[in-house]
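Working notes for the structure below.
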Amino acid sequence: MKVLSIMQPWAMLIVLGVKQFETRSWSTKHRGQLAIHSSKKIDKFACRQEPICSLLAKHGYTAKNLPIGVILATSHLSDCIKVILDTGASARLDDGRLVTGIEYYFGNFSEGRLAWEIQHIKKLDKYVPAKGQLGLWNHTITTPHPAEHP
């Protein structure tokens, strides 16, 4: 499975379902399954900012207990869309959508960057330790078949 390493708290915000786009300076042709890996770095400044601090706290997280160096979830990368306009308060994507509010705050939507649309997030019952890498990388993730869950 393809894996993307993301610094905390951004990785956890995706896993919690409050961050739909991961912004990158580079594109990918990959579409489909994508695992979310939390890198070993934590942006502690971001963790102290609102609404990030409150969103993490609501789920029992702080900068001190965010999981790092593990694969947190599986998801579906549905699109990689170029940012064509950044007003400083919102961003227009190449497909016509407008990104506003906390979604805009949670990314770097500078013109020319790419918004990776991540959907269907499934948090793993047990996080998978992994070193992580730059770019997209491969990892074998075994998840129980739905019939195996109690």
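The values are calculated or read from the model by the stated rules, or taken from the named source; none is laboratory data. Predicted model only: the values in this text are computed from it and were never measured. Neighbour counts are summed over all protein chains in view; Cβ atoms, including those assigned to glycine, are modelled from backbone coordinates with ideal geometry.
Listed values, structure above:
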| read-out | value |
| --- | --- |
| Single condition Gly60 does not satisfy, out of (1) surrounded by fewer than 19 Cβ atoms within 10 Å (Cβ to Cβ); (2) touching a strand residue (DSSP E or B) at 6+ places or on another chain (Cβ under 6 Å) | (2) |
| Flag for Asp86 being charged (D, E, K, R), at pLDDT 95 or above and touching a Ser or Thr at 6+ places or on another chain (Cβ under 8 Å) | yes |
| Residue in segment 63-83 that is out of contact with any Ser or Thr (no Cβ under 6 Å at 6 or more places or on another chain), surrounded by fewer than 18 Cβ atoms within 10 Å (Cβ to Cβ), more than 20 Å from Ser38 (Cα to Cα) and among the β-branched types (Val, Ile, Thr) present | no |
| All helices (runs of 4 or more DSSP H) inside segment 1-87 with 1 or more residues being basic (Lys, Arg) | 44-47, 52-58 |
| Residues (assigned to a loop (DSSP other than H, G, I, E, B) and either loosely packed, with under 12 Cβ neighbours inside 10 Å or more than 14 Å from the chain's Cα centre (by Cα) (or both)) located in segment 97-131 | Arg97, Thr100, Phe109, Ser110, Glu111, Gly112, Arg113, Ala130, Lys131 |
| Residue tally, condition over 15 Å from the mean Cα position of the chain (by Cα) and within 16 Å of Ile14 (Cβ to Cβ), over segment 36-46 | 0 |
